[in-house]
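**Student:** Quick one: the structure is below, questions incoming.
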């Protein structure tokens, strides 16, 4: 019997039980559990018995067993709140510096938190206006060619898959297919406007909630050559607003009848359009096109499903897999897998290719969340640190409260309440900062402006207050725990609570942590800044300076070119089909002249006879194009060195390659020139090195205008007015080449600015914390310093004595932060970025120096003040 | 009223309390139910049912002696009240009536 007694149930579980359980039920429950425990030890062994005991304790946590909070305690707490607020207020006012540091630091970090909350709440609001938003799913596709595994999912599906689901599947309520391409210039009598939209089938308005103002939603998109249009688009096109039954002509081609007018699309929709055309139109126009319904043509259409209330999703996925297995046999070497994605996950979910509109993506949100968390943590540390540092003064008050009868819990709640008051004060300041920085945050990236509004709504304010309460509790809980453990007798006896010194190591750790974070953030910003400028100054292999690229938008270039060349500022004009190095690609298939079996995709641009000279491309051999009238057949091509290398043409010797015949896109062309390699993709992309240049076809897409003027804006305005004479429908789209290059790195630019801003906040917060600590320690050592001075210590010695400790902390922080940042970028981030610049000493050290300099000023000013104080007055004071 | 009807498990527990007479405490009831129904009976479920029965006034309880196996904690013994007895009888009556309504032929055919 004795032996069994020695094995006891887990004590923490037993304590948990007696904590939550009603006293009248407690004894009974404890007894029962003990009896079972003893029984289980015999039958199942000690470990299992303990496990079962714990599980049972948790299981007994039910409504009828829980102790109800006692009314009298609540009443006392309620009465005491007034007293807490009063003492908290007094202590805030008494320590003005500490209060300012706390409130300001928390406010700064909370403002970032508010942006994050606003962002999350915007993203969460997406697509909620659909009545059945929780039941709508999108079909995603995964394309595997020749068993080359990849984890790239596409938001698009083939029309074939969508139709198969519609026709042969069960277990869904409605399915709709969307195909891109219903967009362009829309004409009605004399008015022409540019509108965007999709071809959709008749179920579209059933699956989604886009209400019709006019027209019948069940039949509106049934017949071929019918379309519905949004109210604002209708207003642009038909001034009198009566659109129903009218005919529009799309791109000077097909005519469509308007069968409905839609309410405008809400901002928080992941699909945006001005008009919709009936998908049945394509059944007429694409009748002969075999590719239209091919299984592997999955790049241009989307499928959305409305599932029933209790949908069997696993069963549906199995059916999708069966469909894939069946249809894979119709295409060569290709496997396409399908799966469902809820539309609520689209905006903040996985990054998918071929999205129907812009999305935010999980990674952006997560990285912003991480940064925000770190900054808020840092500000909370300040609060914790400074509160505990001031413990000496407050501990007497706590002692008296305890003597009068306050319990641990009362003291705890008092200090948590105090922290919450501070954080609520910070919140008001944070909201002001939030309103001030909101516009700057949104213009960081044009995408952000499209996606988010960050408007203050009552709901958002409620979230903010909740957030402030959580932050306050988090910041206040450690000081509160510390104070609640204070021994009243010791404190009141005048025994200076030595405990505050015991906490010194943990306080030092917090300071080191804050500085580590600040250093990492500032160094990361500097490294990103360096990469950004490295890519902007990247040697592309040709010249982009003073070139204006004008998007012709389908216009004939001749007249415009003639007028532009008459401008005195314009030096030279060339034509091309695309603008290299900005992230757009044209591809073409080229056969290896040495090996008929071998062919490869190469990058292509079509240019005119002036292009190479205007962009200062270097010709290694041969010549550039001659002017070729439009009706003469194409016979010539210019290639770069990489093409010679890839196909082993003429032993890679440029001179020999001239006159060599190659087959491109099925055409036999002879090489007339070889140019030096240049960067066809964006500067941070190493692919698509082989480039062929061909002569432009009937209509080029871009004019490249080389100019020489000091006042580009004036020139641009002049060109704009010339454009208006030629094309009154399309707005002028002329951009400086260098601006276009910059646009390619907008993402890097935005993340650099965000990281920079957060680094700035982290440094400010850490410096504020440091200031508080320095003020506190120097003040407490005032007497010591005075005595040393009287005994003959020099000012320099005293400075060294006072600041030594802080510099050790900073050195430790730097020693931790620098290698971590270096390894993070060198091993993880930069390898993902092709053509990056190596990390140099200056961007690693610059941040450290800046942060150290700020800390030096903070420490220096305070210590000098103390070191210079007159020892007589200090010592006389007591 | 919700409280007057007996659930199936409640009825079983109440019957067990009546059957065990002086030994009706939570673990004992639990064991007896397991033995009788041949299915596993969870202590937590029995507890909440006992609690409910007492609230409804169908059973009453008093604390008994402490034992070594219970870690020095006292047992709570349950006994059936007259309201409990009435509820049991009523539900038996309902069952009997229904049984009597079934013609013997129709049962034999199954």
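What follows draws every value from the coordinates through simple rules; no lab data is involved. Keep in mind it's a predicted model, so treat the numbers as computed, not measured. Every residue, glycine among them, receives a Cβ derived from its backbone with ideal geometry; neighbour counts consider all protein chains shown.
**Student:** For segment B:7-57 and segment A:629-663, write down the distance between their C-alpha centroids in whole Å.
**Tutor:** The distance from the Cα centre of segment B:7-57 to that of segment A:629-663 comes to 93 Å.
**Student:** Summarise the partner chain shielding of A:678-688 as one whole number: the mean count of Cβ atoms from other chains within 10 Å of each residue's Cβ.
**Tutor:** Counting other chains' Cβ atoms within 10 Å and averaging over A:678-688 gives 0.
**Student:** What's log10 of I(q)/I(0) for segment A:133-345 at q = 0.09, 0.10 Å⁻¹, Debye sum over Cα points only, no solvent?
**Tutor:** Calculated log10 I(q)/I(0) at the listed q: -0.38, -0.46.
**Student:** If you take the square roots of the eigenvalues of the alpha-carbon gyration tensor of segment A:50-114 and sort them as a ≥ b ≥ c, do you get rounded (a/c under 1.5), prolate (a/b over b/c) or oblate?
**Tutor:** In terms of gyration-tensor shape, oblate.
**Student:** So, one more: Once you order the gyration tensor axes a ≥ b ≥ c over the Cα atoms, which shape class does chain B get: rounded for a/c under 1.5, otherwise prolate or oblate by comparing a/b with b/c?
**Tutor:** Prolate.
**Student:** By how many degrees, between 0 and 90 and to the nearest 10, does the Cα long axis of helix A:313-327 differ from the longest principal axis of chain A?
**Tutor:** Tilt of helix A:313-327: around 30 degrees.
**Student:** In a Gaussian network model over chain B where Cα atoms closer than 10 Å are linked, find which of B:32, B:65, B:55 has the largest mean-square fluctuation.
**Tutor:** Comparing B:32, B:65, B:55 in the GNM, the peak value goes to B:65.
**Student:** Report the Cα centroid-to-centroid distance between segment A:722-789 and segment A:30-57 in angstrom, as an integer.
**Tutor:** With segment A:722-789 and segment A:30-57 each reduced to a Cα centre, they are spaced 59 Å.
**Student:** What are the radius of gyration and Dmax of segment A:2-59, computed over its Cα atoms and given in Å?
**Tutor:** 11.1, 31
**Student:** Run the paramagnetic zone check for residue B:62: 7 angstrom along Cα to Cβ, then residues of segment B:9-45 with backbone nitrogen under 18 Å.
**Tutor:** B:17-26
**Student:** So if each residue of separation counts as 0.36 nm, and I subtract the Cα-Cα distance between residue A:97 and residue A:686, what length gain in nm does that give?
**Tutor:** Using 0.36 nm per residue and subtracting the Cα-Cα distance, I get 206.6 nm.
**Student:** Taking the Cα atoms only, what angle lies between the long axis of helix A:23-44 and the longest principal axis of chain A, rounded to 10 degrees?
**Tutor:** Here the helix axis deviates by roughly 70 degrees.
**Student:** Residues of segment A:162-184 with the amide nitrogen closer than 13 Å to a label point 7 Å from the Cα of residue A:312, along Cα-to-Cβ, please.
**Tutor:** A:170-172
**Student:** So how many Å³ per residue does the convex hull of the Cα atoms of segment A:724-775 work out to?
**Tutor:** That works out to 122 Å³ per residue.
**Student:** A follow-up question, please. Would you compute, for the Cα atoms of the protein assembly as shown, the largest minus smallest coordinate along each principal axis and list the three values in descending order, in whole Å?
**Tutor:** Rounded to whole Å, the extents work out to 118, 112, 64 Å.
**Student:** Using Cα pairs closer than 8 Å and at least 6 residues apart in sequence, work out the relative contact order for chain A, in percent.
**Tutor:** 13 percent
**Student:** Listing A:710, B:73 from the residue with the fewest other Cβ atoms within 10 Å to the one with the most, what is the order?
**Tutor:** A:710, B:73
**Student:** Checking the a/c ratio against 1.5 first, then a/b against b/c, what shape does the Cα gyration tensor give for segment A:76-119?
**Tutor:** Verdict is oblate for segment A:76-119.
**Student:** Please give the Cα centre distance for segment A:536-556 versus segment A:90-165, rounded to the nearest Å.
**Tutor:** 36 Å
**Student:** Let me ask something else. Arrange the following residues from fewest to most other Cβ atoms within 10 Å of their Cβ: A:210, A:368, A:712.
**Tutor:** Going from least to most buried by this count: A:712, A:368, A:210.
**Student:** Can I ask one more? Starting from the 7 Å offset along Cα-to-Cβ, what nm value, one decimal, do you get for the label separation of residue B:93 and residue A:506?
**Tutor:** Inter-label distance under the simple model: 6.8 nm.
**Student:** Take peptide B:18-27, look around each residue's Cβ out to 10 angstrom, count Cβ atoms belonging to other protein chains, and average those counts.
**Tutor:** Shielding by partners across B:18-27 averages 2.
**Student:** What ranking do A:442-454, A:425-437 get when scored by the average of other Cβ atoms within 10 Å per residue, highest first?
**Tutor:** With the highest mean Cβ count within 10 Å placed first, the list reads A:425-437, A:442-454.
**Student:** Continuing with this model, one more query. With runs of 4+ DSSP H residues as the only contributors, calculate the mean residue ellipticity of the protein assembly as shown at 222 nm using -39,500 (n - 2.57) per run, divided by the residue total and rounded to the nearest 500.
**Tutor:** Theoretical 222 nm ellipticity from helices: -17000 deg cm²/dmol.
**Student:** Okay, next question. What is segment A:73-220's relative contact order, in percent, from Cα pairs under 8 angstrom and six or more apart in sequence?
**Tutor:** 15 percent
**Student:** What number in nm² do you get for segment A:570-707 if you take the convex hull of its Cα atoms and divide its surface by four?
**Tutor:** 8.1 nm²
**Student:** Using only Cα atoms and rounding to the nearest 10 degrees, what angle (0 to 90) does helix A:841-867 make with the longest principal axis of chain A?
**Tutor:** Its long axis makes an angle of about 30 degrees.
**Student:** To continue, here is another question. In peptide A:56-65, what is the residue-averaged number of other protein chain Cβ atoms found within 10 Å of each Cβ?
**Tutor:** Mean number of neighbouring Cβ atoms from other chains: 3.
**Student:** Once all Cα-Cα distances of segment A:832-877 are split into 10 Å bins that start at 0, what whole-number percent is in each one?
**Tutor:** Percent of Cα pairs in each bin: 20, 25, 20, 15, 11, 6, 4.
**Student:** Relative contact order for segment A:133-345 using alpha-carbon pairs under 8 Å, separation at least 6, rounded to a whole percent?
**Tutor:** 35 percent
**Student:** Neighbouring Cβ atoms within 10 Å as the yardstick, rank A:400, A:866, A:722 fewest first.
**Tutor:** The order, fewest Cβ neighbours first, is A:400, A:722, A:866.
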